[in-house]
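Working notes for the structure below.
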Amino acid sequence: MAKRTITCRCCGRPGPHRGHGYREACYRRWAAAGRPASGPPMPREPSECPPRPGHNAAAARQQYKELREAGQTRLEAAAQIGISFTTSWRYEAWLRDEVMSR
């Protein structure tokens, strides 16, 4: 059964109803915040998310590319530069896109 679409009472955006008048994203923030009576905290803007200390994504992608070209496996290269399994797949997609755009 499909969930009915509502206008979220927190953010005012339409979406499938999750519970208590909230759509999924707002409901998860509300539950993670301990279900306060005041409702879920507002979502953080991307500019408010602090970058990881010492992390430079462009440099990490370049280093990943060099390691892969040197013959390391995806997992070996990921472990060496300290990225996750999921991020290694993103870097692989980035490499494919880079090759295709040439």
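For the reader, a short list of remarks on this structure follows.
- The value of relative contact order for the chain, using C-alpha pairs under 8 Å at least six residues apart, is 13 percent.
- Estimated 222 nm signal from helices in the chain, with DSSP H stretches of n ≥ 4 weighted -39500 (n - 2.57), rounded to 500: -14000 deg cm²/dmol
- Here's how it looks for Ile6: its modeled amide H is under 5 Å from those of Gly15, His17, which are all 5 or more places away or on a different chain.
Bear in mind these aren't lab numbers, they're just calculated from the coordinates by the rules spelled out. These figures come from a predicted structure and were not determined experimentally.
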